[in-house]
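Okay, structure first, notes after.
The values are calculated or read from the model by the stated rules, or taken from the named source; none is laboratory data. Here the structure is a predicted model, which is why all the values come from computation and not from measurement. Reconstructed Cβ throughout: ideal geometry from the backbone, glycine too, with neighbour counts over all protein chains shown. Side chains are part of the model used for accessible areas, which takes the heavy atoms of the whole protein and leaves out ligands, DNA and RNA. Shrake-Rupley method; radii C 1.70, N 1.55, O 1.52, S 1.80 Å.
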Amino acid sequence: CQLSGPLEGITREVRQGASLYFDHINAKGGVHGRKIRVLALDDGYDPKRAEANTRHFIEEARVLALFQYAGTPPALAGMALAEKTGVPLIAPYTGAEELRRPDVRYVFNIKAGYATELRAMVRHLASVGMRNAAAVYLNNPFGTGGLAAVQASAQELGVNLLATAPLEVDGTNLSQAVAHVGQHNPQAIIVISAGKPSVDFIAAYQNSGRHALFYVLSV
């Protein structure tokens, strides 16, 4: 999970909500008399740390299941070991399509995939006659996978993607992304990001004096 890093704020809320329900189940006697105990290690949105944490959970802590794994890069690291060891990964907090392939046996999703969400955004743009859009995306598998989904839907539905721009997780190229997208003056911008990078881009774009309709993912 993220106890630090760009997704810390939103994943803290998800973690707190899950803990409340686990406490509720434990107060009623647990699952067939066994109490649920949640172990948490910080990966900081780093897939290498997520892989190391997962190995610890499986090989040393001997967990029954892996839970939540916020963000696409950490979730993909968890998925690889879940598939290899048969320890299930439950409710990863990502909509990445890679975790929804038919051949993935040990990942159990509870939210819609990003491709489904992004297609709905592009379809809405087309339905209200907004044909000129742009997309910014995190420069990692989460963002590039989402961008591919947007590009495919835009081509199919007749929406023009005037510009696309990557966002670094640490925000180092924020001003360049704002300038590149802004010079094309899109009617709408699809933000394929989560947490702090999303908030920072929207604020920077608005502070630049430009205006657009923003579409953001559920995370």
**Item:** Odd one out for A135, checked against (1) buried (at least 17 other Cβ atoms within 10 Å of the Cβ); (2) out of contact with any Ser or Thr (no Cβ under 6 Å at 6 or more places or on another chain); (3) modelled with pLDDT of 95 or more
**Value:** (2)
**Prompt:** Before we move on, is S208 out of contact with any Leu (no Cβ under 8 Å at 6 or more places or on another chain) and touching a residue at least 40 places away in the same chain (Cβ under 8 Å)?
**Reply:** no
**Message:** Can you pull out every residue in region 74-121 that is within 12 Å of the chain's Cα centre (by Cα), surrounded by fewer than 16 Cβ atoms within 10 Å (Cβ to Cβ) and closer than 20 Å to Q151 by Cβ?
**Reply:** A112
**Complete:** Filter region 1-44 for residues that are open to solvent by less than 60 Å² (accessible area, probe 1.4 Å) and among the charged types (D, E, K, R); the one that is modelled with the lowest pLDDT is E8
**Message:** Looking at region 49-68, can you tell me whether even one residue there is of a type outside the set (A, V, I, L, M, F, W, C), closer than 30 Å to Q155 by Cα and open to solvent by 70 Å² or more (accessible area, probe 1.4 Å)?
**Reply:** no
**Inter-residue pairs, beta-carbon under 7 Å, first assigned to a strand (DSSP E or B) and in region 24-42, second modelled with pLDDT of 95 or more, 6+ apart** = V31/I25
**Request:** Take A165 and decide whether it is more than 18 Å from S127 (Cβ to Cβ), at pLDDT below 95 and open to solvent by less than 10 Å² (accessible area, probe 1.4 Å).
**Result:** no
**Message:** Out of R210, R131, R123, I need the residue that is in contact with a strand residue (DSSP E or B) (Cβ under 9 Å, 6 or more places away or on another chain) and of a type in the set (D, E, K, R). Which one?
**Reply:** R131
**Message:** Filter region 107-139 down to the residues that are among the small types (G, A, S) and closer than 24 Å to A75 by Cα and list them by number.
**Reply:** A112, G113, A115, A120, A135
**Request:** Answer with yes or no whether L81 is in a helix (DSSP H, G or I), of a type in the set (A, V, I, L, M) and out of contact with any Phe, Trp or Tyr (no Cβ under 7 Å at 6 or more places or on another chain).
**Result:** yes
